[in-house]
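This report refers to the structure that appears directly beneath it.
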Amino acid sequence: MKHLSKKGLAILLSGLITVSLAACGANDSAKEATQSETAAAASAETDQAATDAATDAATEAAKTALGEDEITVNETIENSTGGEHAIIADGEAASYKNTKVTKTGDSSQNDEADFYGDNAAIFATNGGTLDLSEMVVKTDGTHANAVFSYGEGTTVNIKDSYIETSGNCSGGLMTTGGGTMNASNLTINTSGRSSAAIRSDRGGGTVNVDGGSYTTSGTGSPVIYSTADITVSNADLTSTASEGVVVEGKNSVTLNNVNLSADNNTLNSDKSDVYKAVMIYQSMSGDAAEGTSSFTMNGGSLTNMNGDVFFVNNTATEISLTDATIVNKDGDGYFLRAAAAGWGSEGSNGGQVTLKASKQEINGNMLVDKVSHLNLYLADGSVFNGAINSDAQAGEVYVELSGNSKWTLTADSYITSLTCDADSIDLNGHKLYVNGKEYTAGSASQGEAIAVVSTGGGQGGNGGTPPAKPGEGNGSDNGEPPAKPN
């Protein structure tokens with residue numbers, strides 16, 4: 001279906017207004033229908049404008065992304081032996097500039113590669129420091145991560161560089177065991193399965209990314225897979241087959257002024273049939289500690305092409321959104337789904353969500369199943385256009401509106417507790433039930449938030465492996481790396 005141009009929408013709106021004026025003597029139902037059509041057209045214009053802005057930002061990012069041919073190469077370092085590295089800093093400080101690194105060869109040691117950097121093209125460990133600038137890094141092999149930081153006290157600093165990986169299980173930036181990764185103005189493209197552009201694994205660490213363009217096209221390859229504390233600012237993130245962001249366990253992702261576009265159109269696990277842009281969960285594999293995770297988005301945009309925007313299961317999380325443009329192009333997808341899936345123990349593996357919105361517009365419905373709960377805080381003039389559990393009461397839901405925030409219902413909604421001023425809620429012709437009782441339009445309410453009672457789905461049950469890591473180890477269940485073999 002072809003989108004109307006802004007001019008076309010303006011003509012349509014003008015026509016609707018003219019019809020409304022010409023029919024001043026018509027009955028009230030005809031007048032209401034015209035007003036509804038006008039509002040719908042205005043809403044369509046707003047949604048399309050937001051989508052156009054996100055598309056323009058992505059197009060501009062593609063134009064300005066650093067290309068391989070823009071980097072001057074003065075030296076080439078190659079390695080084709082499985083399990084080895086092209087560059088290594090083992091307990092020492094080293095720096096490289098204007099260098100092309102190519103890595104081929106596979107690793108058959110999944111845990112060694114995922115946890116400890118086996119077969120990575122560039123590898124820092126044992127408190128080493130690597131400073132990299134104007135690099136071209138290409139890998140073509142299984143478990144051939146491009147740039148890897150392992151262990152506490154280890155730091156990799158990389159800027160103004162181009163990275164490309166084509167094998168399965170081959171991330172762009174990889175951080176484990178408490179390492180640190182600092183990156184700025186990179187272009188990263190990955191095409192293999194389970195190959196996140198910004199990736200972490202057991203033991204996590206700290207990752208800071210500023211600027212650049214990061215794209216994935218493989219199944220099970222979100223742009224960011226976090227078992228660490230990852231912050232990305234002023235960057236463009238694109239996934240064409242997988243989630244945009246996955247947070248596992250007691251870890252975090254913060255996006256500052258980031259443009260994220262996600263088209264999750266290929267399932268990578270039989271444990272869930274949900275497509276989503278942002279997935280927050282606990283796999284119970286031992287790669288991430290149990291506890292409350294966080295996803296924070298300040299400004300920027302999130303465009304979801306398919307399914308739900310947020311999907312939370314088998315963990316507790318806090319989602320904070322401030323003045324971000326969020327567009328869900330799938331009309332059947334939820335803005336938020338908190339529900340059980342195939343991870344964790346049946347009956348206790350739902351999503352326990354605290355969603356805080358400030359100066360934020362939220363469009364879309366929310367689903368909270370019977371083993372999940374939601375505390376929704378709308379503050380600082382936030383707007384929520386949508387319904388919650390429109391098919392009747394399921395999980396517990398608390399909604400609090402403050403600072404002139406508004407909730408306009410798009411269908412009947414069922415919640416457990418409510419705090420609001422008299423003018424906070426527009427029923428819009430629908431009904432709101434609070435703990436089984438119908439809410440009266442124009443009334444204030446005072447309720448209580450729901451206590452977070454679960455931070456993980458427990459051991460046993462269905463268990464399961466996370467979507468982006470095919471080879472799991474036998475380490476402890478607290479997210480720490482297992483003892484490294486001699």
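To make sure I understand the rule: partners must be aspartates and glutamates, Cα under 12 Å from the Cα of Lys406, and not fewer than 8 residues away in the same chain. Which ones qualify?
Partners found: Glu361, Asp380, Asp421, Asp423, Asp426.
Return Asp287, Asp229 ranked ascending by Cβ neighbour count within 10 Å, so the fewest neighbours appear first.
Asp229, Asp287
Which whole number of Å³ per residue matches the convex hull of the alpha-carbon atoms in region 294-420? It would help to have the intermediate numbers written out before the result.
Numbers: hull volume 11.9 nm³, N = 127.
Hull volume over Cα atoms, normalised by residue count, gives 94 Å³.
Which pairs, out of Lys356/Lys431; Lys97/Lys159; Lys138/Lys159, put more than 20 Å between their alpha-carbon atoms?
Over 20 Å apart, Cα to Cα: Lys356/Lys431.
Checking the cross-link filter: which aspartates and glutamates have an alpha carbon closer than 17 Å to that of Lys271, excluding same-chain neighbours under 8 positions apart?
The reachable aspartates and glutamates, counting only those whose Cα sits under 17 Å from Lys271, are Glu243, Glu248, Asp308, Glu346, Asp369, Glu472.
What share of Cα pairs, in percent, lie more than 32 angstrom apart in region 243-465?
Details: 3320 of 24753 pairs.
Percent of Cα pairs beyond 32 Å in region 243-465: 13.
Placing +1 on the Cβ of each Lys and Arg and -1 on the Cβ of each Asp and Glu in region 153-295, which of Ala288, Ala183, Ser194 has its Cα farthest towards the positive end of the resulting dipole?
Farthest towards the positive pole: Ala288.
Using the count of nearby Cβ atoms within 10 Å as a rough guide to exposure, how do Tyr225, Tyr162 rank from fewest to most?
In order of increasing Cβ crowding within 10 Å: Tyr162, Tyr225.
Applying a 10 Å radius around every beta-carbon, put 193-203, 309-319, 328-338, 66-76 in order of their mean neighbour count, most first.
193-203, 309-319, 328-338, 66-76
Per residue of region 73-83, in order, report the coupling 6.51 cos²θ - 1.76 cosθ + 1.60 (Karplus, θ = phi - 60°) as ³J(HN,Hα) in whole Hz, putting x for Gly and Pro.
Using θ = phi - 60°, the values come out as 10, 9, 8, 10, 10, 10, 8, 10, 9, x, x Hz.
Give me, ordered by chain and number, the residues 5 or more places off Gly141 or on other chains with an amide H under 5 Å from its own placed amide H.
Ser166, Gly167
Compute the signed sum of charges (Lys and Arg +1, Asp and Glu -1) over the other residues within less than 15 Å, Cβ to Cβ, of Gly403.
Result for the neighbourhood of Gly403: -3.
State, as an integer percentage, the relative contact order of region 136-251 based on alpha-carbon contacts under 8 Å between residues 6 or more apart. Spell out each step's value before the answer.
Values: 398 pairs, mean separation 23.9, N = 116.
Relative contact order comes out at 21 percent.
What list do you get for Asp236, Asp323 if you sort them by fewest beta carbons within 10 Å?
Listed from fewest to most nearby Cβ atoms, that is Asp323, Asp236.
Set Lys and Arg Cβ to +1 and Asp and Glu Cβ to -1, take the dipole of region 77-128 about its Cα centre, and tell me which of Phe115, Gly83, Gly128 lies farthest positive.
Comparing the listed Cα positions along the dipole, Gly128 ranks first.
No lab work stands behind these numbers, since they all come straight from the coordinates. All of these numbers come straight from a predicted model, not from anything done at the bench. A quick note on method: Cβ atoms are made from the backbone with ideal geometry, for glycine too, and the neighbour counts reach across all protein chains shown.
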